[in-house]
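A short write-up of the structure that comes next.
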Amino acid sequence: MSKKILVVDDEPDVVTYFTALLEENGYETRSASNGTEAMAAIDADRPDLITLDITMPEQSGVKTYRRIKESDSLKTIPVIIITGVASDFKRFISTRSQVPAPDGYLEKPIQPQTLLDEVARLLS
């Protein structure tokens with residue numbers, strides 16, 4: 001059975017790119033365009049891994065990440081933060097005592113193999 005990945009990003013081109021890349025490599029994907037949709041998608045069909053953009057409308061990736069990692073039933077789902085925000089954000093999010101550092105962190109633009117390697121590492 002293939003692993004399920006939830007791709008969360010408000011840019012349709014990014015969602016299309018990531019889902020096509022992941023599906024071509026044997027993963028099953030779902031997508032959401034903001035944190036609110038992401039939480040509904042997680043509740044409806046729990047993914048094995050989540051790729052999560054930070055800057056999104058309605059509910060930011062930071063708030064979504066915090067909700068995932070504070071939930072006893074969801075906190076074990078690996079999350080890869082994928083963002084175009086400066087690398088200082090990685091240090092910031094990794095120092096928050098309320099939630100653990102992200103399982104993975106990638107900066108846009110992302111090379112296809114970099115994303116695939118990180119997904120494989122976290123799902124192994």
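Please give the peptides 55-62, 32-39, 109-116 ranked by average Cβ packing (other Cβ atoms within 10 Å per residue), highest first, as a rough proxy for protection. Please list the in-between numbers first.
On the way: 55-62: 17.4, 32-39: 20.9, 109-116: 13.5.
Answer by packing, highest mean first, reads 32-39, 55-62, 109-116.
Tell me which trypsin sites (Lys or Arg not before Pro) from the range 1-63 have a DSSP coil assignment and no more than 16 other beta carbons within 10 Å of their own. Please report the intermediate quantities before stating the final value.
On the way: sites: 3, 4, 30, 63; in loops: 3.
For trypsin sites (Lys or Arg not before Pro) across the range 1-63 that sit outside H, G, I, E and B with at most 16 neighbouring Cβ atoms in 10 Å, the list reads 3.
For mean projected area of the Cα convex hull in nm², the choices are (i) 7.8; (ii) 7.0; (iii) 10.3; which was calculated from the structure?
Recomputing mean projected area of the Cα convex hull in nm² here gives the entry labelled (ii).
Could you compute the FRET efficiency for residue 116 and residue 40, with r as their C-beta to C-beta distance and R0 at 30 Å, rounded to 0.05? Mind dumping the intermediate values first?
On the way: r = 27 Å, r/R0 = 0.89.
The value I calculate is 0.65.
Any read-out appearing in this document is the output of simple, stated calculations on the displayed coordinates, not a laboratory observation. Since the model is a prediction, treat every value here as computed from it, not as a measurement. So basically every Cβ, Gly included, is an ideal-geometry build from the backbone, and we count neighbours across all protein chains shown.
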